[in-house]
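Asker: Dumping the structure here so I can ask a few things about it.
The values are calculated or read from the model by the stated rules, or taken from the named source; none is laboratory data. Quantities reported herein were computed from a predicted structural model and do not represent experimental measurements. Here the Cβ positions follow ideal geometry from the backbone for every residue, glycine too, while neighbour counts run over all protein chains shown. Just the protein is used for accessible areas: all its heavy atoms, side chains included, with ligands, DNA and RNA removed. Shrake-Rupley method; radii C 1.70, N 1.55, O 1.52, S 1.80 Å.
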Amino acid sequence: MATVNEHTPNSNAPEEVIKINDLHKAFGDNKVINGFNFNLKRGENAVVLGKSGSGKSVLIKLIIGLMKPDQGSIEVLGDKVETLSTSELDKMRVKVGFLFQSNALYDSMTIRENLEFPLRRHWIKKSTNKNEVDNLVMEALTNVGLPHTVDMMPSELSGGMRKRIALARTLILKPEIILYDEPTTGLDPITGKEISHLMLDLQKKYNTSSIIISHDINCVKIVANRIVMLIDGKCYATGTYDELEHSTDLRVKQFFE
Amino acid sequence: MIKNIFIEIGLIARFTGRFFIEVFKPRFEFNEFLRQCFYIGNKSFPLVAITAFIMGLVITMQSRPTLVEFGAQAWLPKMISVSLVREIAPVITALICAGKIGSGIGAELGSMKVTEQIDAMDVSGTNPYKFLVVTRVMATTLMIPILAILADTISLYGGYLGCNIHGVVSWDLFWNQVFDTLVYADVLPSILKTFFFGFIIGIIGCYQGFNSSKGTEGVGQSANSAVVISSLLVFIIDLLAVQITDALNLN
């Protein structure tokens, strides 16, 4: 029995799942996001590419409501994030998964407890019984190929395995949108490639839309339907991998050299 | 420098104020509170017990020669019971807990902050302040008085053994003298101040951890600051407590 927000493409659903309009965010005098505009379509994988410190992580933290914008609006699945109350934000976050750069697995909990945490905390369905929770945990772990790690601690796993577990935890609520913060950083090229393919497979399986923050050109090449260049806090250029790879603009070109 | 101190005091006051807002709002993290009580109470007990026993024994042995000089060694149980129950056991318990629990909370929350676990909690439908801070502060506020009461008893037992190293005091005589000496005015203020010790150890540990930055270096700093600031505040609360009891003629 399905207990989480299983979703199917809905003909009435908005075509654009995320709409960002004239977004600004500054830390003191440092304007990291400075008039950023962007729309994410349903089923699309958009990669946000930019230099370190260019505000990519800030952008997705603004989208999920971990930070408040100074100006501008962010609409996620029809909800204006900056106007949502705490409980409304929680409801919105059930539909939006977030994969943290550092994985953010709870060190003091087993893998099972880590995966159960968002399920239990979001109170998806109060009548969800232990068997259903177990099934969802095992399904999520099987999706990432690590069902045998269920009773292990995060410290017993390798970097790549932890990334997979973090991905499983993100997917356990079956979100409609997933925000990936540098999903392949710190991984060797082979593991990075495996994670990129896994992201793509899961996106197809659950029909999710994604924003992926990445510097890793190999990952970008595998997962991106569209690339957005975040330069000077603005959407400097946008296009497919091939289009941007052959761009004559020097600031764009340097990312693909 | 002075400006920074005032800014820090303001931030701690705001962090503390949030505790009183969040503590009364549902949802109540009862399981996490019990887990923290177990961790703080049970795991700190052996260290508190050993320290209290040693302090009771040492204070008794060191006080005895002076009393013998005045021919007042019979007063030994009376004297040590007042000093142990009113001051030494509660303060030693608070300092041990500031070192063990305060640094543990500072390091744990600091580590969670720098590895984005606190943000992950936030996106998982959990108010991290309620889940991490309120539960830990309530647990320290409740468990440190209990540990202090146990420390009182154990240090008195240490005192009983201390009395019997160079002299003979029967079990009954010792405890009769202790209970004849101690009055509510000795015991209640002493227990009451340990609630404040517990609260301050919890809130400072959580504040330092929650505001940790600069990676692993920041985690170390958080743990260190948690111990230093909470130990200092324990003494300041102790000083205020003695002024209050003095003003109320309870000393």
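Asker: Can you give the helix-only mean residue ellipticity at 222 nm for chain A, where every DSSP H stretch with n ≥ 4 adds -39500 (n - 2.57) and the sum goes over all residues, rounded to the nearest 500 deg cm²/dmol?
Answerer: Details: 9 runs with 91 residues, N = 257.
When only DSSP H runs of four or more count, the value is -10500 deg cm²/dmol.
Asker: Which whole-number percentage describes the relative contact order of region B:29-246, with Cα contacts under 8 Å and a sequence gap of 6 or more?
Answerer: Value for region B:29-246: 36 percent.
Asker: Using modelled backbone amide H atoms (1.01 Å from N, in-plane), which distant-in-sequence or interchain residues come within less than 5 Å of A:Glu176's amide H?
Answerer: It is A:Val96, A:Gly97, by chain and number.
Asker: Still on this structure, I have one more. Which Cα, out of B:Leu147, A:Asn143, A:Met161, lies furthest along the positive dipole direction of the protein assembly as shown (beta carbon charges, K/R +1, D/E -1)?
Answerer: Positive-end residue among those listed: A:Asn143.
Asker: Per residue of region B:181-195, what does 6.51 cos²θ - 1.76 cosθ + 1.60 with θ = phi - 60° give for ³J(HN,Hα)? Whole Hz please, x for Gly and Pro, Karplus curve as stated.
Answerer: Karplus-based 3J(HN,Hα) across region B:181-195 equals 7, 6, 10, 4, 5, 7, 7, 5, x, 5, 6, 4, 5, 5, 5 Hz.
Asker: How big is the B-A contact in terms of buried accessible area, both chains counted, 1.4 Å probe, rounded to the nearest 100 Å²?
Answerer: On the way: alone 13110 and 12230 Å², together 23720 Å².
Rounded to the nearest hundred, the buried surface is 1600 Å².
Asker: So, one more: Which whole-number percentage describes the relative contact order of region B:83-211, with Cα contacts under 8 Å and a sequence gap of 6 or more?
Answerer: Relative contact order of region B:83-211: 55 percent.
Asker: Further question on the same structure: If you count, for every residue in B:110-122, the Cβ atoms of partner chains within 10 Å of its Cβ, what is the mean?
Answerer: Across B:110-122, the average partner-chain Cβ count within 10 Å equals 6.
Asker: Right, another one. Could you work out how far apart the two model spin labels at B:Glu8 and B:Phe179 are, taking each label as a point 7 Å from the Cα in the direction of the beta carbon, and quote it in nm?
Answerer: Going by the 7 Å Cα→Cβ label model, 4.7 nm.
Asker: Full extension from B:Trp75 to B:Val58: what is 0.36 nm times the residue separation minus their Cα-Cα distance, to one decimal in nm?
Answerer: Length gained, B:Trp75 through B:Val58: 4.5 nm.
Asker: In deg cm²/dmol and to the nearest 500, what is the mean residue ellipticity at 222 nm of chain B if only DSSP H runs of at least 4 residues count, each as -39500 (n - 2.57), divided by the residue total? Can you show the working numbers first?
Answerer: Working: 11 runs with 192 residues, N = 251.
Result for chain B, helices only: -26000 deg cm²/dmol.
Asker: Rolling a 1.4 angstrom probe over the protein heavy atoms, how many square angstrom per residue are accessible across chain B?
Answerer: Using a 1.4 Å probe on heavy atoms only, each residue of chain B averages 49 Å².
Asker: Given points 7 Å out from each Cα along the Cα-Cβ axis, report the A:Asp134 to B:Leu47 separation in nanometres with one decimal.
Answerer: About 3.8 nm separates the two model spin labels.
Asker: Ordering B:Lys3, B:Lys43 from largest to smallest accessible area (1.4 angstrom probe), what's the sequence?
Answerer: Reading off the accessible areas and sorting them downward yields B:Lys3, B:Lys43.
Asker: For the protein assembly as shown, which whole-number percentage of the solvent-accessible area (1.4 Å probe, protein heavy atoms only) is attributable to carbon and sulfur atoms?
Answerer: 60 percent
Asker: Can I ask one more? Protein chains only, probe 1.4 Å: how do B:Glu8, A:Glu243, A:Glu132 rank by accessible area, largest first?
Answerer: Final ranking, largest accessible area leading: A:Glu243, B:Glu8, A:Glu132.
Asker: Size of the dipole of region A:38-124 about the Cα centre, Lys and Arg at +1 and Asp and Glu at -1 on the beta carbon, nothing else charged, in debye to 20?
Answerer: 160 debye
Asker: When you count, for each residue, the other Cβ atoms within 10 Å and take the mean per peptide, how do A:78-89, B:97-108, A:56-67, B:215-226 rank with the highest first?
Answerer: Ranking the peptides A:78-89, B:97-108, A:56-67, B:215-226 by packing returns B:97-108, A:56-67, B:215-226, A:78-89.
Asker: Within region B:132-151, name every residue whose backbone N is under 13 Å away from a label modeled 7 Å from Cα of B:Phe28 along the Cβ vector.
Answerer: Flagged as within label range: B:135.
Asker: Moving to a separate point now. Over region A:58-216, what is the relative contact order in whole percent, taking alpha-carbon pairs under 8 Å and six or more residues apart?
Answerer: With pairs under 8 Å counted, the relative contact order is 26 percent.
Asker: Still on this structure, please answer the following. Just to be sure I understand: of the beta bridges DSSP finds with both ends in chain A, what percent are antiparallel, rounded to 5? Let's see the in-between values first.
Answerer: Values: 21 of 38 bridges.
Around 55 percent antiparallel, to the nearest 5.
Asker: Could you work out how far helix A:189-206 tilts from the main Cα principal axis of chain A, as a 0 to 90 degree angle to the nearest 10?
Answerer: With both axes taken from Cα atoms, the answer is about 70 degrees.
Asker: Are any of the pairs A:Lys25/B:Lys214; A:Lys80/A:Lys204; A:Lys51/B:Lys214; A:Lys25/A:Lys234 more than 23 Å apart by Cα-Cα distance, and if so, which?
Answerer: Those over the limit are A:Lys80/A:Lys204.
Asker: Using a Gaussian network model on chain A with a 10 Å cutoff between Cα atoms, which of A:Asp107, A:Asp181, A:Asp70 fluctuates the most?
Answerer: A:Asp107
Asker: About the Cα centre of region B:29-246, how large is the charge dipole given +1 on each Lys and Arg Cβ and -1 on each Asp and Glu Cβ? Please answer in debye to the nearest 20.
Answerer: The calculation lands at about 160 debye.
Asker: Mind putting a number on the dipole of the protein assembly as shown about its Cα centre? Charges go on the C-beta only, +1 for Lys and Arg and -1 for Asp and Glu, and I need it in Debye to the nearest 20.
Answerer: Roughly 420 debye, rounded to the nearest 20.
Asker: Which whole number gives the average count of other chain Cβ atoms within 10 Å of the Cβ atoms across peptide B:9-21?
Answerer: The per-residue average across the peptide is 0.
Asker: If you take the beta carbon distance between A:Met153 and A:Asn218 as r and set R0 to 41 Å, what does 1/(1 + (r/R0)^6) give as a FRET efficiency, to the nearest 0.05?
Answerer: So the FRET efficiency works out to roughly 0.85.
Asker: For chain A, what does the accessible surface come to per residue with a 1.4 Å probe? Please give it in Å².
Answerer: I get 45 Å² per residue for this part.
Asker: Hey, can you grab everything whose amide H is under 5 Å from the amide H of A:Met152? Only 5+ residues off in sequence or another chain; H modelled, so Pro and N-termini drop out.
Answerer: Result for A:Met152 returns A:Ile111, A:Arg112.
Asker: How large is ³J(HN,Hα), in whole Hz, for each residue of region B:22-34 in order, when computed from phi with the Karplus curve 6.51 cos²θ - 1.76 cosθ + 1.60 and θ = phi - 60°, using x for Gly and Pro?
Answerer: Values, residue by residue: 6, 5, 9, 8, x, 8, 8, 8, 5, 5, 5, 4, 5 Hz.
Asker: With the crude spin-label approximation of a point 7 Å out along Cα→Cβ, what separation in nm comes out for B:Leu248 versus A:Thr110?
Answerer: 4.9 nm
Asker: Using Cα springs under 10 Å in a Gaussian network model of chain B, which residue among B:Leu156, B:Leu239, B:Leu84 shows the largest mean-square fluctuation?
Answerer: Of the options given, B:Leu239 has the highest mean-square fluctuation.
Asker: Within a 10 angstrom radius of each residue's Cβ in B:123-133, how many Cβ atoms of other chains show up on average? Whole number is fine. Each step should come with its number before you reach the end.
Answerer: Details: counts 18, 15, 16, 6, 3, 0, 0, 0, 1, 0, 0.
Taking the mean over all residues of the peptide, I get 5.
Asker: Looking at region A:97-111, which residues lose a minimum of 20 Å² of accessible area between their chain alone and all protein chains in place, measuring with a 1.4 Å probe and not counting ligands or nucleic acids?
Answerer: SASA drop of 20 Å² or more in region A:97-111: A:Phe100, A:Ser102, A:Ala104, A:Tyr106, A:Asp107, A:Ser108.
Asker: Please report, in Å, the Rg and the Dmax of chain A, where both are computed over Cα atoms only.
Answerer: Rg then Dmax for chain A, in Å: 18.1, 58.
Asker: Grab the Cα-Cα distance for B:Asn164 and B:Arg18, subtract it from 0.36 nm times how many residues apart they are, and report the gain in nm with one decimal.
Answerer: 47.4 nm
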